[in-house]
Amino acid sequence: MNYRANIYAAKSLGVTRIVAWTGPGAISRKVRPGDLVLPDDLLDFTRNRPSTFYEGKGIGFIRQFPVFCETLREALRSAAKRREAGREAGKRIHFGGTYACTEGPRLETPAEIRFLARAGADLVGMTLCPEAFLARELEICYAPVAYVTNVAEGMRKMPYRRGALFEGMLPPGEAAAVEAAKNAIPAIAIAAARAIAGEERDCPCAVSMERYRKRGVIGPDFRGWVAGPKGAGR
Ligand SMILES: [Zn+2]
């Protein structure tokens, strides 16, 4: 996947906020398949993905707190709560959690999951990195909604099941809950988007490059930030 092209294209279209969705596995025992989680932190264990627009440019030393847009997370939280209070009563939603991103496509070994658990990861998946960081580089708000798809390797006894999803890492009885959680995300995202549409952004994401702008290192147009050095021909 061309991570940078996707974020660049979104920026070019005038996108200011991105709601991402992801289907990770559960490491934390507080989280189970079919739960929704609004993560608030990331562990990046990707290896072969271009993770910046600013390679060798001397810019982009951007603070990563909050990791995701708090305004957008709050809007998602409110939307999810309203939904929970309504017809989706009983659905479990967790506000906060650390998401570890691995390179994939292979799943993790039991030892890797033990390592991630000790590192503080609640969830493990293969998306969000580097998209979240790239969005921040272009001053786009970004927040994910996770629907928990399976239990991470070694966290529960899960016999190998031939031909099943993740070879048995999703217990058969829990598939319907996962599907329901996944299907709940569009309505939550749309409700959150409606709630803050048109609002002026006053979050750190909106001004992540301000320091460089103030110093005159970059201009107002993001295309100039991303472009190669003068004379480099790109
Ligand atoms: Zn923001």
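A short reminder: the numbers here are calculations on the coordinates, not readings from a lab. A quick note: this is a predicted structure, and the numbers were derived from the prediction, not measured. Note that each Cβ is placed from the backbone with ideal geometry, even for glycine, and that neighbours are counted across all protein chains shown.
Numbers for the structure displayed
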{"read-out": "Greater than 29 Å apart at Cα, pairs in LYS11/LYS91; LYS81/LYS214; LYS11/LYS57", "value": "LYS11/LYS91; LYS81/LYS214"}
{"read-out": "Hydrodynamic radius (Kirkwood) for region 1-91, which is based on Cα pairs only, to one decimal in Å", "value": "16.3 Å"}
{"read-out": "Computed [θ] at 222 nm, deg cm²/dmol, the chain (DSSP H ≥ 4; -39,500 (n - 2.57); rounded to nearest 500)", "value": "-9500 deg cm²/dmol"}
{"read-out": "Size of electric dipole in region 15-210: Cβ of Lys, Arg +1 and of Asp, Glu -1, about Cα centre, debye, nearest 20", "value": "760 debye"}
{"read-out": "Quotient of C-alpha Rg and 2.2 N^0.38 Å, computed over the chain", "value": "1.09"}
{"read-out": "Selection of trypsin sites (Lys or Arg not before Pro), region 75-165, meeting DSSP coil and at most 15 other Cβ within 10 Å", "value": "ARG87, ARG92, ARG106, ARG156, LYS157, ARG161, ARG162"}
{"read-out": "Region 130-234: proportion of alpha-carbon pairs further apart than 22 angstrom, %", "value": "59 percent"}
{"read-out": "At most 10 other Cβ within 10 Å, DSSP loop - chymotrypsin sites (Phe, Trp or Tyr not before Pro), region 132-234", "value": "TYR160"}
{"read-out": "Rule-of-thumb Rg ratio for region 93-137 [Cα; 2.2 N^0.38 Å; N residues]", "value": "1.25"}
